[in-house]
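Have a look at the structure below before the remarks.
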Amino acid sequence: MTPQPCFTLDRSQPEQLTVRLDGAWTLHAAPPSPADLLAALASPVRSLAFAAAALDDWDTQLLIFLKTIIAAARAANISVDLGGLPPGAQRLLALSEAVPATSTYDKSGRELLVTRLGRLVLDIAGQAREVAAFTGEIVLAFLTLFSGKPPFKTRDFFYFVQNCGIDSLPIVSLISVLVGVILSFVGAVQLQMFGAQIYVANLVGLGMVLEMGALMSGVIIAGRIGAAYAAQLGTMQVNEEIDALRTMGISPVGFLVLPRMLALMLMLPLLCIYADIMGILGGSVIGVTMLDLSLVEYLEQTRKTLHLSQCGQGLFKSSVFGVLIGFAGCLRGMQCGRSALAVGEATTSAVVTSIVLIVVSDSIITFFLYR
């Protein structure tokens, strides 16, 4: 039969109270009341000690009893000596005291404006440091590439080229044709009023080559490829694969980021040319069916309108967009946390950042080119 838990109080030493534990202090037996011990602590006692030589067995029941007694002793400014307890009980008590108390957040309290501004400035400075460090690593990876020793596998690069280029043709075709149709239809409604239907070709050609071809292909690639890059690198961050690369002495930027960025820089200008052609063909559908223009007449008017310098502007923009999309997607992926929620946030942030950078850079480039 399991002996019942009990304790005795030893006052053999002056101003010291020793608690001798006996029996099995487990959850299967009811513990003794600590009332006598708590009352003894109210007497003139300076130190409290424990003796567990006669202790048969114990579990959390003993720890609950000890926590109650120790809290009462410390509240009465009595020093506690845990040396007589089993080593396991001492470690668990130390662990329980090492956990900090959770603080409740007061929703009614408001931060000062200066505090919020200071935190915002610190966040911006931290992000600027991360962007600068990431940019420096990319530059070093490019220098390694030019030295004749690519830090990535060639087959990985061609896989990203296929993913960015050929696999993106269906969605780019659909969007570009519809954009050309919309531009042509909007122009046709207005130009028909003046008998200038032929200038629909000018509108669609210039609109696609100068702006819409590069812009729409950039937005599509940002949503399709930029998000995929962020999700891939974020998942590798969660699985600690990037840490494993660093441990093996392999640069994650050179091995993972550089081939993705090179693939985007190479394929986005080609997608821009393809989007321009598909948009012009989409506009010709409205010109032929709605405006009674012949296909040859429409294409000839487009050829007379466009110049090589205008096509170069769209290609230059698409090249810049490719760098920005690859940079934003890989940066957010490398900054990802260690949870599934963090991967989703990194993916969303990559798409939003890419689109914002595309629009801002498009505005800046257009301003300087027309100046």
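Read-outs throughout are calculated quantities, based only on the coordinates presented, and are distinct from any laboratory measurement. Being a predicted model, the structure only gives us computed values, none of them experimental. Cβ placement follows ideal geometry from the backbone for every residue including glycine, while neighbour counts extend to all protein chains displayed.
The long axis of helix 340-370 is offset from the longest Cα principal axis of the chain by roughly 30 degrees. If you take the Cα centroid of the range 182-255 and the Cα centroid of the range 1-61, the two points sit 74 Å apart.
Shape descriptor for the range 6-98: Rg over Rh equals 0.93 (Cα atoms; Rh from the Kirkwood inverse mean 1/r).
Take the Cα of ASP123, go 7 Å toward its beta carbon, and the backbone nitrogen atoms of the range 341-371 under 19 Å from that spot belong to 341-354, 356-357. Largest GNM mean-square fluctuation among VAL45, VAL189, VAL200, using the chain with Cα springs under 10 Å: VAL45.
When both bridge partners sit in the chain, DSSP labels roughly 30% of those beta bridges antiparallel. Where both bridge residues fall in the range 6-98, DSSP classifies roughly 30% of the beta bridges as antiparallel.
Taking other residues whose beta carbon is less than 12 angstrom from the beta carbon of PRO259, and scoring Lys, Arg as +1 and Asp, Glu as -1, yields +2. Summary value for the chain: 17 percent relative contact order, contacts being C-alpha pairs under 8 angstrom separated by 6+ residues. Maximal additional length on extending the GLU211-ASP81 stretch stands at 39.0 nm, based on 0.36 nm per residue less the C-alpha distance. Which angle between 0 and 90 degrees, to the nearest 10, do you get for helix 113-146 versus the longest principal axis of the chain when only C-alpha atoms count? Taking Cα atoms only, the helix is inclined about 60 degrees.
A Förster distance of 41 Å, applied to the separation of the beta-carbon atoms of TYR159 and MET193, puts the FRET efficiency at 0.20. Pairwise Cα separations in the chain fall into 20 Å bins from 0 onward with the following percentages, short to long: 21, 29, 22, 16, 10, 2.
A simple spin-label model places pseudo-atoms 7 Å from Cα toward Cβ; at PHE142 and LEU95 they are separated by 5.2 nm. Let me check I've understood the local charge: for ALA346, count other residues with C-beta under 12 angstrom from its C-beta, Lys and Arg +1, Asp and Glu -1. What total comes out? Spelling it out: positives minus negatives among the neighbours equals +1.
Largest GNM mean-square fluctuation across ILE358, ILE64, ILE325, computed for the chain with C-alpha springs under 10 Å, falls on ILE64. The local environment of ASP10, defined by Cβ-Cβ distances under 14 Å, has a net charge of -2 under the rule Lys, Arg +1 and Asp, Glu -1.
For VAL80, nonlocal amide neighbours, meaning residues 5 or more places apart or on other chains whose placed amide H falls under 5 Å from its own, are LEU48. Taking the Cα centre of the chain as origin, sum charge times position over the Cβ atoms of Lys and Arg (+1) and Asp and Glu (-1), and report the length of that vector in debye to the nearest 20. Computed charge dipole of the chain: roughly 780 debye. Projecting label points 7 angstrom from Cα along Cα→Cβ for VAL352 and ILE64 puts them 4.7 nm apart. Is any residue of the range 163-180 close enough, with backbone N under 17 Å, to a label point placed 7 angstrom from the Cα of THR235 along the Cα-Cβ axis, and if so, which? Once the point is set 7 Å along Cα→Cβ of THR235, 163-164 turn out to lie under 17 Å by backbone N, inside the range 163-180.
Helical runs (DSSP H, four residues minimum) scored at -39500 (n - 2.57) apiece and divided by the length of the chain put the mean residue ellipticity at 222 nm at -21500 deg cm²/dmol.
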